[in-house]
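Structure record follows, encoded as structure tokens.
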Amino acid sequence: MRKAEIKRRTNEVDIRGSININGTGKTDINTGFAPLDHLLTLFSFHGLFDLKLKAKGDLEHHIIEDTGIAAGKAFKEALGSKEGINRYGCFTAVMDKVAVKVAVDVSGRPSFYGRTDDTNAGGLKGSYSTMKFDDTNFTADHAVEFLEAFTQHAGLSIVYIIESSQGDLHHLLEAFFKALGKALDQATLIDPRRKGIPSTKGIID
């Protein structure tokens, strides 16, 4: 069924939950950060992943990063051997005046890179980094912290392009997480024509 438990307990955090890649987009998420809960709900809804997640801890940095670590590990575990999957996915999501394109490779070789088509060459790490999500203390840096940890531990290669950024951080991150969900849905779907691992090497770490 391609399911896995989300489980991480340290001296700093306690994170519990589950993920089902063959889901319908049902969620029950409480990380203690409403913006992150909202973004993960969008990711799961549009990716059709069932996600349960509860997180608590001492510092916001620890909770956000370790949630990414735990969710990434569970996502990788749920994929199992990766036999028959498409492996690649790409989707552009639009939110009002924002458009974000996300391309994914379930490669086993983690990397997270992005740029924009305007003057902010650093993508979310550029001038967006300290922008806040509405009237909260959640910034683009927090989102990147989660995404880099998730990418690393899920074994994904993610490249994104902010094609239009004429909007606020809320809409930008919404478009990103929707596009990521759709791209990962494409990448993790089983192609009945594919026999074995989708790599000429015969293995994806």
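Any read-out appearing in this document is the output of simple, stated calculations on the displayed coordinates, not a laboratory observation. Predicted model only: the values in this text are computed from it and were never measured. Positions of Cβ are backbone-derived with ideal geometry, glycine not excepted, and every protein chain shown enters the neighbour counts.
Can you bin the range 1-71 into rounded, prolate or oblate? Criterion: square roots of the alpha carbon gyration tensor eigenvalues sorted a ≥ b ≥ c, rounded for a/c under 1.5, prolate for a/b above b/c, oblate for the rest. Verdict is oblate for the range 1-71. Charging the Cβ of each Asp and Glu at -1 and of each Lys and Arg at +1, and nothing else, the dipole of the chain about its Cα centre rounds to 1080 debye. Extension gain, Glu77-Asp141: 0.36 nm per intervening residue step, less the Cα-Cα distance, totals 20.4 nm. Computed per residue of the chain from DSSP H runs no shorter than four, each worth -39500 (n - 2.57), the mean residue ellipticity at 222 nm is -11500 deg cm²/dmol.
Can you give the net charge of the other residues whose Cβ lies under 9 Å from the Cβ of Thr27, counting K and R as +1 and D and E as -1?
-1
With contacts taken as Cα pairs under 8 Å at a separation of at least 6 residues, the range 109-194 carries a relative contact order of 35 percent. Using C-alpha pairs under 8 Å with a sequence gap of at least 6, the mean separation divided by the residue count of the range 1-132 gives a relative contact order of 21 percent. Radius of gyration over Kirkwood radius for the chain, both on Cα atoms: the Rg/Rh ratio is 0.96.
Structure shown: which of Lys7/Lys125; Lys26/Lys201; Lys26/Lys125; Lys54/Lys178; Lys3/Lys97; Lys7/Lys132 lie over 32 Å apart, alpha-carbon to alpha-carbon? Cα-Cα > 32 Å for Lys26/Lys201; Lys3/Lys97; rest within. In this structure, Met1 and Asp28 have a Cβ-Cβ separation that, at R0 = 22 Å, corresponds to a calculated FRET efficiency of about 0.75. Distant-in-sequence amide contacts of Gly114, defined by a placed amide H-H separation under 5 Å and a gap of 5 or more residues or a different chain, comprise Tyr160. Loop-located chymotrypsin sites (Phe, Trp or Tyr not before Pro) in the range 71-176 (DSSP state not H, G, I, E or B) with no more than 14 neighbouring Cβ atoms inside 10 Å do not occur.
Rounded, prolate or oblate: which one fits the range 28-124, using the alpha carbon gyration tensor with axes a ≥ b ≥ c (rounded when a/c is under 1.5, else prolate when a/b beats b/c, else oblate)? Because a/c hits 1.5 or more and a/b fails to exceed b/c, the range 28-124 counts as oblate.
Under the combined filter of DSSP loop state and at most 14 neighbouring Cβ atoms within 10 Å, the range 1-52 retains these trypsin sites (Lys or Arg not before Pro): Lys26.
Neighbour counts of other Cβ atoms within 10 Å put Phe43, Phe33 in the fewest-to-most order Phe33, Phe43. The ranking of Leu40, Leu173 by Cβ neighbour count inside 10 Å, starting from the fewest, reads Leu40, Leu173.
Sorted fewest first by neighbouring Cβ atoms within 10 angstrom, Asp135, Asp185 come out as Asp135, Asp185.
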